[in-house]
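Worksheet for the structure shown next.
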Amino acid sequence: MKLLITGAAGFIGYHIVRDLIQREGMQIIGLDNINNYYDVNLKYDRLAECGINRNSIIDKASCKSAIFPNYTFYKADIADSETLNRIFGKEKIDVVIHMAAQAGVRYSIENPHAYVLSNLVGFANVLECCRHHKIKHLVYASSSSIYGQNNEEPFRESDNVDYPVSFYAATKKSNELMAHTYSHLYQLPTTGVRLFTVYGPWGRPDMAPMLFADSIKKGKGIHVFNHGNMLRDFTYVEDIVKGIVLLLERMPDAKTEHPFYQIYNIGNSAPVKLMDFIQTMEGAMGKKAILEMLPMQPGDVTTTYADTTKLMHDTGYKPATKLTEGIAKFVEWYNSYFNRPTQFFVFFDEQTAI
């Protein structure tokens, strides 16, 4: 099977690549534009872990992994329809796992145009390429943020998601609507995965675990929004990857409730109080955090809580990583990565917590 994984230099995309390139019979094509939303060194280091040397990367061209002979990487932008179409035509792809997107809830309030270009225009380009090149299955990342201020817990795929509270969430809901249209019109099998608060090694620097660890280590204050009165369904990245891989072979067809179209939650189904998460991080870091209590921020939600009954019924999925175990693995990676002799990684000046 030949798979295209977009966002291959990103947090979740990297972990999907690492999983699938080690499986027999898999030919992996990675694609990423390596933008500067956060420091690109982390992205290049993720790629290096998969054998893609920074010096071998050329815009709009392919390069081979020095470690995994079944892995090819393209530096390209999904908003560039011409290049994307050329890659689809050249590589004869069977399945697409679409993880590329402009991420971040609060940044979508500051710079909505970046989300239009990547999350809407880019996703439309992916759909068109999947349609014209007869892709067998498109699996794409949605988000738990589309549930907005949902009052029904846990969040079910059947819940109303018509009222997102951030522009990022609005683009993700739009992706689901766009995918449904292509499934309906062209019988393109599409599966959207609503991901819940992913954390783990190689995470993004604008996400809470990295910000918390960095602040605790340096003795800086952690911005704790809504005065800590928040619940998050923290899900370890390997459990997210497990759910996505299980869905690869489960293609929606004409017999599904919405023909050729499916949506699944992937989460831990065990919300954690934000203050408990911070205490777990303190324990793993061996140091107390300095807390700066702040009001709720625009675009935030107080709770995320996944009902994964549908995914468990259809695939047997069960998350396996407890919070203490996942945080310990994250902190181990964090200490190893940031204690290297040469490290030029730059964090955001403005902290973003949850």
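Coordinate-derived values only; no laboratory data. Every value quoted in this text rests on a predicted model; they were computed, and no experiment measured them. Using ideal geometry, Cβ is built from the backbone for each residue, glycine included, and neighbour counts are taken over all protein chains shown.
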**OP:** May I ask for the distance between the Cα centers of segment 222-257 and segment 5-34, given as a whole number of Å?
**Re:** 18
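Do me a favour and compute the ellipsoid semi-axes for segment 74-155 from its Cα gyration tensor, root of five times each eigenvalue, largest one first, whole Å. It would help to have the intermediate numbers written out before the result.
Numbers: eigenvalues 151, 57, 15 Å².
Sorted largest first and rounded, they come to 27, 17, 9 Å.
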**OP:** State whether segment 108-182 is rounded, prolate or oblate according to the following rule on the C-alpha gyration tensor (a ≥ b ≥ c being the square roots of its eigenvalues): a/c under 1.5 gives rounded; otherwise a/b larger than b/c gives prolate, and the remaining case gives oblate.
**Re:** oblate
**OP:** Between Arg23 and Thr309, with labels modelled 7 Å along Cα→Cβ, what's the label distance in nm to one decimal, could you check?
**Re:** 2.8
**OP:** Can you tell me the dipole magnitude for segment 239-340 around its Cα centre, using point charges on the Cβ only (Lys, Arg +1; Asp, Glu -1), in Debye to the nearest 20?
**Re:** 280
Subject >> Cα-derived Rg to Rh of segment 257-305, Kirkwood definition >> reply: 1.17
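Under 8 Å for C-alpha pairs, at least 6 residues apart: give me the relative contact order for the chain, rounded to a whole percent. Let's see the in-between values first.
On the way: 705 pairs, mean separation 62.9, N = 354.
Rounded, it is 18 percent for the chain.
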**OP:** Divide by every residue of the chain the summed helix terms, -39500 (n - 2.57) for each DSSP H run of at least 4, and state the resulting mean residue ellipticity at 222 nm, rounded to the nearest 500 deg cm²/dmol.
**Re:** -11000 deg cm²/dmol
**OP:** Report P(r) for segment 127-275: all Cα-Cα distances, bin width 5 Å, range 0 to the bin holding the largest distance, values in whole percent.
**Re:** 2, 9, 15, 19, 19, 15, 9, 6, 4, 2, 1, 0
Subject >> Cα-only radius of gyration and Dmax that characterise the chain, units Å >> reply: 19.4, 56
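Which pairs break 26 Å Cα to Cα here: Lys218/Lys242; Lys64/Lys173; Lys60/Lys136?
Numbers: Lys218/Lys242 34 Å; Lys64/Lys173 35 Å; Lys60/Lys136 24 Å.
Table pairs above 26 Å Cα-Cα are Lys218/Lys242; Lys64/Lys173.
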Original post:
Using 7 Å Cα-to-Cβ label points, what is the Thr181/Glu282 separation (nm, one decimal)?
Top reply: 5.0
Subject >> Debye log10 I(q)/I(0) for segment 212-290, one point scatterer per Cα, at q = 0.10, 0.20 Å⁻¹ >> reply: -0.42, -0.93
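Looking at the P(r) of segment 152-222, how many percent of alpha-carbon pairs lie beyond 14 Å? Walk me through the intermediate numbers first.
Values: 1819 of 2485 pairs.
Of all Cα-Cα distances in segment 152-222, 73 percent exceed 14 Å.
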Subject >> Computed label-point distance, nm, for sites Glu152 and Ile109 using a 7 Å Cα→Cβ extension >> reply: 2.8
Subject >> Rg(Cα) / (2.2 N^0.38 Å) computed for segment 284-346, rounded to two decimals >> reply: 1.67
**OP:** Take the alpha carbon atoms of segment 146-219, find their center, do the same for segment 49-86, and report the distance between the two centers in whole angstrom.
**Re:** 26
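Could you give the Stokes-Einstein D for segment 15-171 in µm² per second, using the C-alpha Kirkwood radius, 10 °C, 1.306 mPa s? Write down the numbers at each step before the final one.
Numbers: Rh = 17.1 Å.
Translational diffusion coefficient: 93 µm²/s.
Which length gain, in nm to one decimal place, applies between Ala66 and Lys218 when the Cα-Cα distance is subtracted from 0.36 nm times their residue separation?
On the way: separation 152, 0.36 × 152 = 54.72 nm, distance 3.62 nm.
Separation in residues times 0.36 nm, less the Cα-Cα distance, equals 51.1 nm.
What FRET efficiency would be calculated for the residue pair Lys134, Asn335, taking the C-beta separation as r and a Förster radius of 56 Å, to the nearest 0.05? The partial results should precede the final answer.
Details: r = 47 Å, r/R0 = 0.83.
With a Förster radius of 56 Å, E is 0.75.
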